[in-house]
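Chemist: Here's a structure for you.
The values are calculated or read from the model by the stated rules, or taken from the named source; none is laboratory data. Nothing here was measured: the structure is a model prediction, and the numbers come from that model. Here the Cβ is made from the backbone with ideal geometry for all residues, glycine too, and neighbour counts use every protein chain on show.
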Amino acid sequence: MYSRRVIVCDGGMVKKTLSFIGAVVVRKQKILLCMLLGLLMTVVACDKQEEPESKPVHVKNEKKKEKHKEQEEPKEEKSINLMDKQLLLSATLGDTETAMKLIQDGANINVEGDNGETPILAATYQNHVETVKALIGAGANIERKDEKQSNPFLYASREGYTDIVKLLINAGVNTKETTKSGGTALISASERGHVEVVKELLEHTDIDVNYRNDRGGTAVVEAIVLGNGSENHKKVIQMLIDHGADVNMANKENITPLQYAEKRGFKDIANMLRLAGANEVVQPQPVE
């Protein structure tokens, strides 16, 4: 027969045993925590080694001086630029008095804006006749073009600003200057039906009435192609005819003014062209 042994532990022994086990567990946790901290410090140390060496103090000082110098130097230039911007704004608004004062104070009368527009062109955009007149008197460049290859004379002619056109003609503007599409001021004014501008150009300049743009179109052709057959366009075409326009001159597609007029249903204009000698069948010479 086997005998049984019963081990009886008192409460004090159990308590000591549990305390010992808890101490072991805490110790292991501390060891793991130390290992993790050590690994983290190693990674940080590696990162620091990869950073570039700090620059010597004198190099830093030089950089500070250069930066400080860069911040100080443009002050005078910014002041001039601000004045020029104010001049452009004054011209755009038609504030002639302020514009003249700015020019007297040193603003650049021919400064160019974001799109290449000068003060006189900015004033022309808004049809500020008095401002344009004052800028001409102050010596503004009346020939300079913007990024769209337009200058005060070309723009004013296209928009029908007769008074500005007159000012520029009297100021000696080059009336043979052309647009981006190769057209003269007369072509631009004709295609938009600006009767008074066309009259001024025909009577007070030596613009070629039969000049062709890049498409080979004359003032008569463009007045029909881009016009709407209005009374103003009829008047323009008649004035062009009276000043020697060739009514049989075709464009690069070998289409004549009469053919365009008939195609667009402009009966009155077609009759005007016939009375001026336009032929029903024309064999025009190709435009080079």
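Chemist: Might you let me know whether the stretch 249-260 holds any residue that is in contact (Cβ under 8 Å) with a residue 40 or more places away in the chain, part of a loop (DSSP other than H, G, I, E, B), hydrophobic (A, V, I, L, M, F, W, C) and in the same structural domain as THR179 (by TED's automatic domain parsing)?
Modeler: No: the stretch 249-260 contains no residue that is in contact (Cβ under 8 Å) with a residue 40 or more places away in the chain, part of a loop (DSSP other than H, G, I, E, B), hydrophobic (A, V, I, L, M, F, W, C) and in the same structural domain as THR179 (by TED's automatic domain parsing).
Chemist: Return yes when ALA189 is within 27 Å of GLU147 (Cα to Cα) and not basic (Lys, Arg) and no when it is not.
Modeler: yes
Chemist: Within the stretch 146-157, is even one residue acidic (Asp, Glu) and under 24 Å from SER190 (Cα atoms)?
Modeler: So far as the stretch 146-157 goes, yes, one or more of its residues are acidic (Asp, Glu) and under 24 Å from SER190 (Cα atoms).
Per-residue answers, yes or no, for (1) under 39 Å from the mean Cα position of the chain (by Cα); (2) surrounded by 14 or more Cβ atoms within 10 Å (Cβ to Cβ); (3) aliphatic (A, V, I, L, M):
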{"position": "GLY216", "(1), (2), (3)": "yes, yes, no"}
{"position": "ASN228", "(1), (2), (3)": "yes, no, no"}
{"position": "LYS234", "(1), (2), (3)": "yes, yes, no"}
{"position": "ILE241", "(1), (2), (3)": "yes, yes, yes"}
{"position": "ASN248", "(1), (2), (3)": "no, yes, no"}
{"position": "LYS252", "(1), (2), (3)": "yes, yes, no"}
{"position": "THR256", "(1), (2), (3)": "yes, yes, no"}
{"position": "ALA261", "(1), (2), (3)": "yes, yes, yes"}
{"position": "ALA276", "(1), (2), (3)": "no, yes, yes"}
